[in-house]
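Asker: Just dropping this structure here.
The values are calculated or read from the model by the stated rules, or taken from the named source; none is laboratory data. In this text, all values refer to a predicted model and were calculated from it rather than measured experimentally. Note that each Cβ is placed from the backbone with ideal geometry, even for glycine, and that neighbours are counted across all protein chains shown. Surface areas here come from the heavy atoms of the whole protein model, side chains and all, with no ligands, DNA or RNA. Shrake-Rupley method; radii C 1.70, N 1.55, O 1.52, S 1.80 Å.
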Amino acid sequence: MTQDLSSIPSTPDPASPSATRDSITDIWGPRTPHLGEWPVRVDSRMHREADHWVRSVCVLCSTGCGMEVGVADGQIVGVRGLATDRVNHGRLGPKGLHAWEANNSPDRLTQPLIREDGGLRPATWDEAMGRIVERSKHDLETYGPGSHGFYNTGQMFLEEYYTLAMIADAGIGTNHLDGNTRLCTATAATALIESFGTDGQPGSYTDFDLTDAVFLVGHNMASTQTVLWSRVLDRLEGPRPPRLIVVDPRPTVPARRADVHLAPRPGTNLPLLNGLLRIIIEKGWIDSAFIRDHTVDFETVVETTSPWTPRAVADVTNVPESKLQAAAEILGTTESLVSTCLQGVYQSLQATASAVQVNNLHIIRGLLGKPGSTVFQMNGQPTAQNTRECGANGEFIAFRNWQNPDHVAEQARIWNVEPSKLPTWTPPTHAMEIFHFAEAGSIRFMWIICTNPAVSLPEVERIRKILAREDLFVVVSDAFLTETAKLADVVLPAAIWAEKTGCATNVDRTVHLSEKAIEPPGDARSDLDIFLDYANRMAFKDKDGEPLIKFRDAESAFDAWRATSRGRPCDYSAMTYERLRGPSGIQWPCTDEYPDGKERQYENGVFNTSAAYCETYGHDLMTGAAIEPAQYAARDPGGRAIIKGAEYVPPPEEPDEDYPFLLTTGRVTHHFHTRTKTARSPALQAAAPEAFVEIADVDAVRLGIEEGDAVEVASRRGRVVVPARLTGVEPGVVFIPWHYGDDSTADTPTAANRLTITGWDLVSKQPHFKYAAVALRPVRRPMELERTGAGAAVAGSNGHRAEPAVPAGAGTPTASEVTKR
């Protein structure tokens, strides 16, 4: 069965709620041109009048907009932006204004499910947790801590990640702990560490209000961070608009507004960036004093960029020399600059090497730690920053260094455990390795929390087979019966946003408190409560025989985190729930010295790179080989930014006669992740009801494909059949959004990750989603559709696939409705 979405209306609710605008069509709202201070505009959308309002934060992208939740009769009835919040000044995007309707969805999971006789049946919490604990204890005793793997999300709260990290690290002692943020922002963290010594963005969203130029590299901000794009739009419409350079193979909304649009061939970001840096260095558009006093290894970037003349760049990337020169002049001469990277960099080839070159641009120009000048290695998921801070995404706790004995001893002291208990004898296991170990049989207990790898991971057919293995015990905590949950041995009904309390930290380090507004449905529980229950039943102890986890609620968990973070870059020590209930979110570091938070890091040109303080010792960008502690200490940067160059490596899979096109995947404006929540908002689902493939007009003409035709897209790994959209995408390139799952059979193949490569960046270990060789074939005739098994996928007028539908009703299927094996 596919994830049942049949109860989702295909048209908006006819009972039109009151709203300040139709955000489905008017995505960014009216313009408020400005220079300096971004004006307030409060966006809201209500089904009916609220009895009271509860403070919260939007968790449907990484912008982190302050908001309030309207409640009446125990249900959410609407939302409004928080006018006083520093992040959004009252604005909300279409997902923030609509996706809360998922909380009220009739197919919410309301009680635990356990697998029996090939299907899932309802169970009590005691029965479900008893089965989890029994299997967990058995595998620990029989196979050891390495038998356990945890794959979490980018949507939990800080307090929950911190608790999960304590369980995995100090309770079980496994290093198999990672999150789906590995798929979207692992490179963000790694690139910041490689250049600046630790994770944590240098700048502030207010830099967009002040800058003279904006450089978007593989970042379709208009779709992925709609409120942030409205902030940029308001600058573009203001009295002194910044110049805009966009790197994207598609003619996105930002690309169409750009002064210079660079559309490189997928997989060639590094040659493009090397070419830009070469021009800037050659022209002398650098800050020599800053390079001398605050950096190391400038000569490496001179060497690696030297071969990349404009002609050489054009030959490899297809970017005209004139456009490269125009972009370089803006980037090299602007007095202030804000640059951003996202999935077009992180999910493509040589991801970390490319992202680091954007850092290098700011380093060699001295454009860091100043108003209007910063680089954002952007996040994709709303609480991705918290996964990294709390050690739930392949990092050690609070940006400590797992290879530094002093850091390990300090964390062991905080948790009152022996340092040897903490799994620091080998690097943390990344997500793709976790699934490989499950495939090989060494991980036998896997807990998947609030994420849907059966749709989101590369080569999903392989992932589904792994999850269905007889020797793998799969626990899934979720609010809905996702494609992944249907393969689980135990499913735990989880509370979601507005049904629990906790903190979320956004891209510019702003922390918001989201208060519980309503009760979760049925017997659903927060992830924090589930983790505390598991830890109690497992009887995890500290070295004195006392319970390992001593806090019992969200606020006390936050206080424990505050103590853990003290003295580290992500220092929350002066932050409290009471202070977070003030007029706005607060940035970290928040200390006695900076009680209201610190807006920018590295203002004094001192970075977190000293051997005693850094988060890791870095890597060779070409091979991914880790730099050894002694090697790093011998050339201790001592607080200077590290400049690292990298040479271009041709892609592992090139187009050929059989697969002549390059596939890139990505997001659409109205959906988030695998649509678990956004597909349950009628208006969002109606705005983007199905997958599609974007094809260049010239390619469509050559293949005889017309707008709306059903097209088979095939790679060496699988195939999908989706309707065509003819756009201005570069010839030879096709694009498919990856949000849309399918039923795992050949009947309705729409999951883009059937096509993608099982491969990852050598440094960040982030999978490749932006590069695969594919073939296209129109499949319009009914007889042909029947032969290919694609009829269900393309039924409907003009070849468009009818949206799979889901019976309205409870999310508690009978045993016969769901099968794992």
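Asker: Report, in cubic angstrom per residue, the convex hull volume of the C-alpha atoms of region 617-762.
Answerer: Value for region 617-762: 187 Å³ per residue.
Asker: Which value results for Rg/Rh of region 66-206 when Rg is the Cα radius of gyration and Rh the Kirkwood radius based on the inverse mean 1/r?
Answerer: 1.05
Asker: Return the ratio Rg/(2.2 N^0.38 Å) for region 362-432, where Rg is computed over Cα atoms only.
Answerer: After normalising by residue count via 2.2 N^0.38 Å, the value is 1.45.
Asker: Note the per residue figure in Å³ for the convex hull of the C-alpha positions in region 12-144.
Answerer: Taking only Cα atoms, region 12-144 has a hull volume of 203 Å³ per residue.
Asker: I'd like the per residue volume of the convex hull spanned by the Cα atoms of region 139-181, given in cubic angstrom.
Answerer: Enclosed volume per residue, from the Cα hull, is 57 Å³.
Asker: For region 319-439, count all C-alpha to C-alpha pairs, find those more than 26 Å apart, and express that count as a whole percent of the total.
Answerer: Distances greater than 26 Å cover 42 percent of the Cα pairs.
Asker: Where the centre of each part is set by its Cα atoms, how far does region 477-505 sit from region 148-221, in angstrom?
Answerer: Here the two parts' Cα centres lie 20 Å apart.
Asker: For Ser306 and Ala539 in the same chain, what is the full-extension length gain: residue separation times 0.36 nm, less their Cα-Cα distance, in nm?
Answerer: 77.9 nm is the gain from fully extending Ser306 to Ala539.
Asker: Over the Cα atoms of region 602-641, what Rg and Dmax result, in angstrom?
Answerer: For region 602-641, the Cα radius of gyration and maximum Cα-Cα distance read 10.7, 33 Å.
Asker: How far is the Cα center of region 334-356 from the Cα center of region 600-673, in Å?
Answerer: Spelled out, the Cα-based centre of one part sits 10 Å from the other.
Asker: With a 10 Å radius around each residue's Cβ, average the other Cβ atoms per peptide and rank 53-65, 180-192, highest first.
Answerer: Highest mean packing first, the order is 180-192, 53-65.
Asker: Give me the three principal axis extents of region 80-142 from the C-alpha atoms, as integers in angstrom, largest value leading.
Answerer: 54, 30, 18
Asker: If each residue of separation counts as 0.36 nm, what is the full-extension length gain between Arg716 and Thr426 once their alpha-carbon separation is subtracted?
Answerer: Taking Arg716 through Thr426 to full extension adds about 101.0 nm, to one decimal.
Asker: Please give, to one decimal in nm, the separation of the simple spin-label points placed at His436 and Asp592, each 7 Å out from Cα toward the Cβ.
Answerer: If labels sit at His436 and Asp592, their model points lie 4.7 nm apart.
Asker: To one decimal place, what Kirkwood hydrodynamic radius in Å is obtained for region 173-216 from all pairs of distinct Cα atoms?
Answerer: One decimal place: 13.0 Å for the Kirkwood radius.
Asker: How big is the Cα convex hull of region 628-687 in projection, averaged over all directions, in nm²?
Answerer: Average of the hull's projected areas for region 628-687 equals 9.8 nm².
Asker: For a quick size check, give me the Cα extents of region 194-277 along its three principal axes, largest first, whole Å.
Answerer: Reported extents, whole Å, longest axis first: 35, 34, 23.
Asker: Rank these by accessible area, largest first, 1.4 Å probe: Glu519, Glu395.
Answerer: Largest accessible area first, the list is Glu519, Glu395.
Asker: Let me ask something else about it. With r defined as the distance between the Cβ atoms of Arg413 and Leu35 and R0 fixed at 41 Å, what FRET efficiency is calculated, to the nearest 0.05?
Answerer: Approximately 0.25, to the nearest 0.05.
Asker: Compute the Cα gyration tensor for region 293-368, then decide on rounded, prolate or oblate, letting a ≥ b ≥ c be the square roots of its eigenvalues: rounded whenever a/c is under 1.5, prolate when a/b is larger than b/c in the other cases, and oblate in all that remain.
Answerer: Judged from the Cα gyration tensor, region 293-368 comes out rounded (a/c under 1.5).
Asker: Reported to two decimal places, what Rg/Rh ratio describes region 432-474 when computed on Cα atoms with Rh from the Kirkwood expression?
Answerer: 0.91
Asker: Also, quick follow-up: Rounded to the nearest 5, what % of the DSSP beta bridges within the chain are antiparallel ones?
Answerer: Roughly 50 percent of the beta bridges in the chain run antiparallel, per DSSP.
Asker: Just the number: Rg to Rh for region 256-311, Cα atoms, Kirkwood Rh, two decimals.
Answerer: Rounded to two decimals, Rg over Rh is 1.04.
Asker: For region 130-235, calculate the relative contact order in percent as a whole number, restricting contacts to Cα pairs under 8 Å that are 6 or more residues apart.
Answerer: Normalised by residue count, the contact order of region 130-235 is 18 percent.
Asker: Sort 654-660, 248-254, 21-27, 157-163 by the packing proxy (mean of other Cβ within 10 Å over each peptide's residues), most packed first.
Answerer: Ranking, from highest mean packing down: 157-163, 248-254, 21-27, 654-660.
Asker: Mean 1/r over all different Cα pairs, inverted: what Kirkwood radius does region 135-227 give, in Å?
Answerer: That comes to 16.5 Å for region 135-227.
Asker: Ok, one more. Considering only DSSP states other than H, G, I, E and B, which GluC sites (Glu not before Pro) in region 316-355 qualify as loop sites with at most 12 other Cβ atoms within 10 Å?
Answerer: Answer by residue number: Glu335.
Asker: From Cα pairs below 8 angstrom and at least 6 apart in sequence, can you work out the relative contact order of the chain, rounded to a whole percent?
Answerer: Value for the chain: 21 percent.
Asker: Also, I was wondering about something else. Given q = 0.09, 0.18, 0.23, 0.24 Å⁻¹, what are the Debye log10 I(q)/I(0) values for region 524-638, with equal point scatterers placed on the Cα positions and solvent ignored?
Answerer: Debye intensities relative to I(0), on a log10 scale: -0.43, -1.02, -1.16, -1.21.
Asker: Mind listing the long-range amide H neighbours of Asn152? Cut-off is under 5 Å, sequence gap 5 or more, other chains count too, H placed in the peptide plane at 1.01 Å from N.
Answerer: Asp178, Gly179, Asn180, Ile449
Asker: Moving on to the next point. Using θ = phi - 60° and the Karplus relation 6.51 cos²θ - 1.76 cosθ + 1.60, list the HN-Hα couplings for region 70-80 in order, rounded to whole Hz, with x at every Gly or Pro.
Answerer: Values per residue, Gly and Pro as x: x, 10, 9, 6, x, 10, 6, 10, x, 9, 8 Hz.
Asker: Further question on the same structure: Which Rg and Dmax, in Å, describe the Cα atoms of region 416-514?
Answerer: Reported Rg and Dmax, both Å: 16.3, 44.
Asker: Based on the Cβ-Cβ distance from Glu647 to Thr142, what FRET efficiency comes out when R0 is 41 Å, to the nearest 0.05?
Answerer: 0.30
Asker: Determine ³J(HN,Hα), in whole Hz, for all residues of region 654-665 in sequence, where each value follows from phi through the Karplus function 6.51 cos²θ - 1.76 cosθ + 1.60 and θ = phi - 60°; x replaces Gly and Pro.
Answerer: Per-residue couplings from phi come out as 9, x, 9, 5, 7, 10, x, 10, 9, 9, 10, 10 Hz.
Asker: At each listed q (0.15 Å⁻¹), what is the log10 of I(q)/I(0) that the Debye formula gives for region 574-679 modelled as equal alpha-carbon point scatterers?
Answerer: -0.99
Asker: With a ≥ b ≥ c the root eigenvalues of the C-alpha gyration tensor of region 683-734, is it rounded (a/c under 1.5), prolate (a/b larger than b/c) or oblate?
Answerer: Judged from the Cα gyration tensor, region 683-734 comes out oblate (a/c at least 1.5, b/c at or above a/b).
Asker: Mind checking the full-extension length gain between Glu706 and Thr333? Use 0.36 nm per residue of separation minus the Cα-Cα distance, one decimal, nm.
Answerer: Taking Glu706 through Thr333 to full extension adds about 129.8 nm, to one decimal.
Asker: Please list, or write none, the aspartates and glutamates whose alpha carbon is within less than 15 Å of the alpha carbon of Lys500, excluding same-chain residues fewer than 8 places away.
Answerer: The reachable aspartates and glutamates, counting only those whose Cα sits under 15 Å from Lys500, are Glu68, Glu159, Glu160, Asp478, Glu515, Glu519, Asp523, Asp527, Asp529, Asp553, Glu555.
Asker: Taking a temperature of 4 °C and a viscosity of 1.567 mPa s, what whole-number D in µm²/s does Stokes-Einstein yield for the chain with Rh from Kirkwood over alpha carbon pairs?
Answerer: Using the Kirkwood radius from Cα pairs, D works out to 48 µm²/s.
Asker: Given a cut-off of 11 Å, what percent of all Cα-Cα pairs of region 109-149 lie beyond it?
Answerer: Cα-Cα pairs in region 109-149 separated by more than 11 Å: 66 percent.
Asker: Next question, about the same structure. Per residue, how large is the accessible surface of the chain? Use a 1.4 angstrom probe and give square angstrom.
Answerer: With the other protein chains kept in place, the chain gives 32 Å² per residue.
Asker: Under 8 Å for C-alpha pairs, at least 6 residues apart: give me the relative contact order for region 444-497, rounded to a whole percent.
Answerer: About 37 percent, as a whole number.
Asker: Continuing with this model, one more query. State the cysteines of the chain left without a partner when partners are defined as other cysteines whose beta carbon lies under 4.7 Å away.
Answerer: Singleton cysteines: Cys61, Cys184, Cys341, Cys390, Cys450, Cys503, Cys570, Cys590, Cys614.
Asker: Related question: For the pair Arg635 and Ala563, how long in nm is the line joining their label points, each one 7 Å along Cα→Cβ?
Answerer: 4.1
Asker: Express the C-alpha Rg of region 521-570 as a ratio against the empirical globular expectation 2.2 N^0.38 Å, rounded to two decimals.
Answerer: 1.36
Asker: Tally up the carbon and sulfur contribution to the accessible surface of the chain as a whole percent, 1.4 Å probe, everything protein left in place.
Answerer: Carbon plus sulfur share of accessible area: 51 percent.
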